[in-house]
Amino acid sequence: MNDFDDEQSDTAADRALPVDPDGVDTARPLHVQPAAIAAVALGGLVGTGIRYGAESAFPFVSGSFPFTTLVINITGAFILGMFLERLALSGPDSGRQRRIRLCIGTGVLGSYTTYSSFALETVELLRDHRVVAAAVYMTVSVVIGTLAAGAGIVCAQRFGTRAEEKR
């Protein structure tokens, strides 16, 4: 038997989709469980409403810079980084904690941030022949968004440590 044969001999369990380990519905993968879908949908309603309110109050119009979407995406990245780090530090992703992650992380923050508006506004800047503005928008969105997520993680670690020390 050679190394190739070893790679081919994996079992059905090795190929199985991940399931919810808290025992709610172990027969089906998490992404098709009604409770998980409901948690994401509920959060999505909230996040979409917040983003809609912000975009309505400060809309992107041709000839302007898409500051609202930029701020939404950067603040969303920061909050998501902080939120997910706090959850990770507080224990395993199961049961109530998993439902909170799905509702707030995937639902609220996933629908609050918006890649589609970012892409559309970039295209609109390019259609208006504002190549420099489009390049700045893309670069700032990706670089600052990544840094914001990292800053959220660091903040969650620091605040978590201080809160645990006070106990």
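Here, each number is a calculation from the coordinates, and none is a lab measurement. Quantities reported herein were computed from a predicted structural model and do not represent experimental measurements. In this analysis, Cβ positions are derived from the backbone assuming ideal geometry, glycine residues included, and neighbour counts consider all displayed protein chains.
General remarks:
- If you take all other residues with their beta carbon under 14 Å from the beta carbon of ILE153, and give Lys and Arg +1 and Asp and Glu -1, the sum is +1.
- Going from the residue with the fewest nearby Cβ atoms within 10 Å to the one with the most, ARG127, ARG86 rank ARG127, ARG86.
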